[in-house]
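*Asks:* Could you have a look at this structure, given as structure tokens, before my questions?
The values are calculated or read from the model by the stated rules, or taken from the named source; none is laboratory data. Computed from a predicted model, the values in this text were never measured in an experiment. Glycine gets a Cβ as well: all are built from the backbone with ideal geometry, and neighbour counts include every protein chain shown.
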Amino acid sequence: MDLMGLVNSAIASSDTEANSGLMGSLLGSLNDAPVENNKIGSIASNLQGLLQQKNQNQADASSLMGVLQTVATTGAVEKLMGSDQIGAIAQKAGASPEMVKTITPLVAQFLVKGSNAKGGGLIQKVLSGEVDLGQMAGLIGMAQKFMTP
């Protein structure tokens, strides 16, 4: 199954919060973000590495779900990352720390909506490396070129 197929199957799963409007709302939000698509992809990739590291320390995906939910709903990125981690991701991505703080809640929303309360679904695929968030952001970036009037 290709990357979009994996993501679509996670979104379509009956035990997740995701719906068909999720991709559209994320595309719209990313389209409004004042940053280049490759930087969004780089932020997402770096965030995935951080999540995988946290998952190893916390032992399971479900333990990250509450934190991701908080970040997705309130934008409180500091619940997930320290300011040094935000700065490191910004430097690697060639973006500002403010941009990392803007993009991260969108990525968190995508992961929360495509996963269930037990940490199954999309977040499990991301943590295992089966879905690469950087590539996903790149695909979203390509798709938005075709969606903008």
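*Asks:* Of the numbered conditions (1) under 26 Å from residue 118 (Cβ atoms); (2) at pLDDT 85 or above; (3) small (Gly, Ala, Ser), residue 93 fails exactly one; give the number of that condition.
*Replies:* Every listed condition holds for residue 93 apart from (1).
*Asks:* Sticking with this structure for a sec: Out of the residues in segment 14-28 that are among the small types (Gly, Ala, Ser) and either modelled with pLDDT under 70 or buried (at least 16 other Cβ atoms within 10 Å of the Cβ) (or both), which is nearest to residue 91 (Cα to Cα)?
*Replies:* Our first condition is that a residue be among the small types (Gly, Ala, Ser); within segment 14-28, this holds for 14, 18, 20-21, 24-25, 28.
Narrowing further to those that are either modelled with pLDDT under 70 or buried (at least 16 other Cβ atoms within 10 Å of the Cβ) (or both): 18, 20, 24.
Numbers: 18: 32, 20: 34, 24: 29 Å.
Once the filter is applied, the top-ranked residue is 24.
*Asks:* Since residue 116 meets every condition but one in (1) within 25 Å of residue 17 (Cβ to Cβ); (2) among the polar types (S, T, N, Q); (3) in contact with a helix residue (DSSP H, G or I) (Cβ under 8 Å, 6 or more places away or on another chain), which condition does it not meet?
*Replies:* Condition (3) is where residue 116 drops out.
To keep it simple, each residue is scored yes or no on (1) within 18 Å of residue 63 (Cα to Cα); (2) modelled with pLDDT under 90; (3) of a type in the set (S, T, N, Q).
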{"residue": "87", "(1), (2), (3)": "no, no, no"}
{"residue": "103", "(1), (2), (3)": "no, yes, no"}
{"residue": "114", "(1), (2), (3)": "yes, yes, no"}
{"residue": "117", "(1), (2), (3)": "yes, yes, no"}
{"residue": "142", "(1), (2), (3)": "no, yes, no"}
{"residue": "145", "(1), (2), (3)": "no, yes, no"}
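*Asks:* If you scan segment 52-68, which residues turn out to be farther than 15 Å from residue 126 by Cβ and of a type in the set (S, T, N, Q)?
*Replies:* Initially, segment 52-68 is screened for residues farther than 15 Å from residue 126 by Cβ, giving 57, 59, 66.
Selection gives 57 alone.
*Asks:* Restricting to segment 77-103, and then to whatever is in a loop (DSSP other than H, G, I, E, B) and under 25 Å from residue 128 (Cα atoms), can you tell me which residue is farthest from the chain's Cα centre (by Cα)?
*Replies:* Looking at the filtered set, the residue picked out is 82.
*Asks:* Specify the residue that is modelled with the lowest pLDDT; the eligible residues are those in segment 31-76 that are crowded, with 22+ Cβ neighbours inside 10 Å, under 18 Å from residue 94 (Cα atoms) and aliphatic (A, V, I, L, M).
*Replies:* Ranking the candidates gives 40 first.
*Asks:* Sticking with this one: Can you tell me how many residues within segment 60-72 are under 15 Å from the mean Cα position of the chain (by Cα) and touching a residue at least 12 places away in the same chain (Cβ under 8 Å)? First the steps, then the outcome.
*Replies:* First pass over segment 60-72, keeping only residues under 15 Å from the mean Cα position of the chain (by Cα): 61, 64-72.
Still in the running and touching a residue at least 12 places away in the same chain (Cβ under 8 Å): 61, 64-65, 67-69, 71-72.
Selection size over segment 60-72: 8.
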